[in-house]
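Notes for the one structure printed next.
Only the coordinates and a few stated rules stand behind these numbers; no lab work does. Computed from a prediction, not measured in an experiment: that's the story for all the values here. Virtual Cβ from ideal backbone geometry, glycine too; neighbours counted across all protein chains shown.
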Amino acid sequence: MRTPCQNLVVVWVLIVGFLGCKDQVTNTSETSTTIFNRDLVVDLKDTGIKIQPTMYGIFFEDINFAADGGLYAEMIKNRSFEFTLPKTGWMEPNSDRHSYNNQSGIMSVVKYGGEGANHNFARVEVKDPQGYVLINEGFRGMGVHEGAQYDLSLKAAKHLGDITKIHFQIVDSLDQVLGETTILPDNKDWKTYNASFTVSKTEMKAKAKITFQGKGEIDMDMVSLFPKDTWKGREKGLRKDLVQLLADLNPGFLRFPGGCIVEGRTLARRYQWKKTVGDIEDREILINRWNTEFAHRPAPDYYQSFGLGFFEYFQLSEDIGAQPLPILGCGIACQFNTGELVPMNQLEPYVQDALDLIEFANGDVNTAWGKVRSEMGHPEPFNMKFIGIGNEQWGPAYIERYMVFEQAIKSKYPEIAIVSGSGPFPDGDYFEYGWDQLKKLNAEIVDEHYYRPPQWFRENADRYDSYDRTGPKVFAGEYAAQSVAIASPENKNNWECALSEAAFMTGLERNADVVYLTSYAPLMAHEEGWQWTPDMIWFNNLQSFGTANYQVQKMYATNAGTDLLSISENGEKLIGQDGLYATAVKDAYTNEIIIKMVNTSEGQQQVNIVFGNKSPKGEVEVLTLAMEDLQAENSFADPFKVSPKKRILELEEGKLAALLPPQAFVIYRVNI
């Protein structure tokens, strides 16, 4: 992903620098009663510049428990006993470890013989006919809803004696039963058992309680619990409310799987897409690279089950109408960790992974990887058009490897657009070197990342005005205003940050001939499981909400338009003069002009807008996102505190006359 994978020295340097330049969106010469009068012109002439369908998209990375414990709706933690400490997540409440003879039973972890991705299973010995109990704690607990149905599945094999029942219950903190079902094991060989039950009460911190009755030994694996009501009703699918928040963004693309998670701290722990497809049971888990990255938020129980793998990713992209944009490792581990390099003469398997991924996404069912996709339930191709090589790599080692990937991909799939990277920073030596080399290589799209203070975003609304129009296109792949400092646990998703991002985004849209893709990052965070802030969507075991930053992104993406127009004041573009930023587009499908205006000042702005030689009539739809309190945030208690309000405004003699509130982002839709 990004700069959170910097070593502590680098992070400390950045924190000091950012703290030194942090400011507020204020102007001490203004008061809230100040009114600026602005006469603006929207030129309706065709600029020839299109707003790309991919302009506003989504960046997904499994950080902050975004996949397991989040988007992937599995409720059992360590379901197949594969964590480094294989009993993690599991408790034996009636087991006396210090007096074996008095135990009602014991669970041991046994290794399968032979090769395979699923290495372990649990062997439960039951000594007391009254029962032996196991508890699974879930991901910071299990959220269950009153009246909702849940699907249980597990594999079991009777080893010795006769275990007659496996009683499965969902219980609260007082051990009160909220829902239950019973499985009757009947086979000495491995067999999958399924059952469903309904929960009687909503609970944030429920647990799974498994009671074994009988006497003897039974083997157990792949213990799994999902809500029946998943996204699109898919069995063992995705969490419905979180996917809906993504779909509501109207994303042009979905980037996956990151992020620094692509690279790994070491090459052995990099993300390998081939291990994330096929039967879920055969997907080899991996310790999450964010588990102990930050001393302020260690998460040693953070692993990747890959239940949300590349097939589910492509399927999700299709569901929400987003173009898939996968990012693959280039043979370099995270350069802020080990920077481990695969030798150039051993790079071929990494390159082949990229070629095979394209075949998996787009290949005919008669191809090797197209057949795998078809067998997973999707014979039609996913029509992938982009692929990214490397995440935040820099220096000659990256350029040397990128060239090999580019040559191989373009030779076989010339239609696939390749995204390259300019390193982890928006400026400096790494950035300048990367851009210089990629320009020489005629790279198609260059990924830029910036995590900076709010002031930086306001001051850089003209960042792309001077970019080479004949050079590579830009993917603003990761950005977010940091209220305190990069990697600080005190960062907030406050209105100042969101407003500053809205101002910056006018510059992205105004330069749509250069900027082709943009995405905020990171996307999601669990209320109790996060490592990095700020984040666009927050969730707990029951609820989720979009932040002020989410609302800004949604307003842009759902009002993207198709063609860039010019909006000016006295012939000059609006890039923050007296706190006013603006952009205008046409929507060829609705025949509307969409004007986006951001007022970062404390004063009101009276804007009088004319439309060239046209005099439109009728009503104007106005969407306003404004807050007097720059520190305001959305929350679980008040999820829509910072959210847009809609109203209707009448045009006056073909002119749009409106009063922009202080510290506001406003969109006007005008029929032409």
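Quick notes
- Shape call, the range 285-356: gyration tensor on alpha carbons, a/c limit 1.5: oblate
- Pairs with C-alpha atoms separated by more than 21 Å, drawn from the list Lys77/Lys205; Lys77/Lys240; Lys50/Lys385; Lys554/Lys596; Lys158/Lys274; Lys155/Lys232, are Lys158/Lys274; Lys155/Lys232.
- ³J(HN,Hα), Karplus 6.51/-1.76/1.60, whole Hz, each residue of the range 177-186, x for Gly, Pro: 7, 9, x, 7, 7, 10, 10, 10, x, 9
- The string of couplings for the range 326-337 from the Karplus curve (6.51, -1.76, 1.60, θ = phi - 60°) is x, 10, 10, x, 10, x, 10, 6, 3, 6, 8, 9 Hz, one whole number per residue in order, with x for Gly and Pro.
- In Å, descending, principal axis extents of the Cα set of the range 422-496: 41, 22, 18
- Each helix, a run of at least 4 DSSP H residues, gives -39500 (n - 2.57); summed and divided by the residues of the chain, these come to -5500 deg cm²/dmol at 222 nm.
- C-alpha long axis of helix 495-510 to longest principal axis of the chain, angle in °: 60 degrees
- Using alpha-carbon coordinates, inclination of helix 548-557 to the longest axis of the chain, degrees: 70 degrees
- Over the chain: Rg over Rh, Cα atoms, Kirkwood Rh: 1.01
- What the pair-distance distribution of the range 150-298 shows, using all Cα-Cα distances binned every 5 Å from zero, is 2, 7, 12, 13, 15, 16, 15, 11, 6, 2, 1, 0 percent.
- Built amide H within the under 5 Å cut-off of Lys617, gap 5+: none
- Listed by chain and number, the aspartates and glutamates whose C-alpha is less than 12 Å from the C-alpha of Lys645, apart from same-chain residues fewer than 8 away, are Glu621.
- Above 21 Å, the calculated P(r) of the range 90-227 contains 43 percent of its Cα-Cα pairs.
- Helix 8-21 and the long axis of the chain differ in direction by around 30°, with both axes built from C-alpha atoms.
- Percent RCO, i.e. relative contact order, over the range 90-227, from Cα pairs under 8 Å lying at least 6 residues apart: 33 percent
- Here the peptides 354-367, 518-531 are ranked by packing, the mean other Cβ count within 10 Å, and the order with the highest first is 518-531, 354-367.
- Within the range 413-541, the proportion of C-alpha pairs whose separation exceeds 22 Å stands at 40%.
- Computed from backbone phi, the HN-Hα couplings of the range 590-597 come to 10, 6, 10, 9, 10, 10, 10, 10 Hz, rounded to whole numbers (Karplus: 6.51 cos²θ - 1.76 cosθ + 1.60, θ = phi - 60°; Gly and Pro given as x).
- Global form of the range 544-672, assessed from the alpha-carbon gyration tensor, a/c cut-off 1.5: prolate
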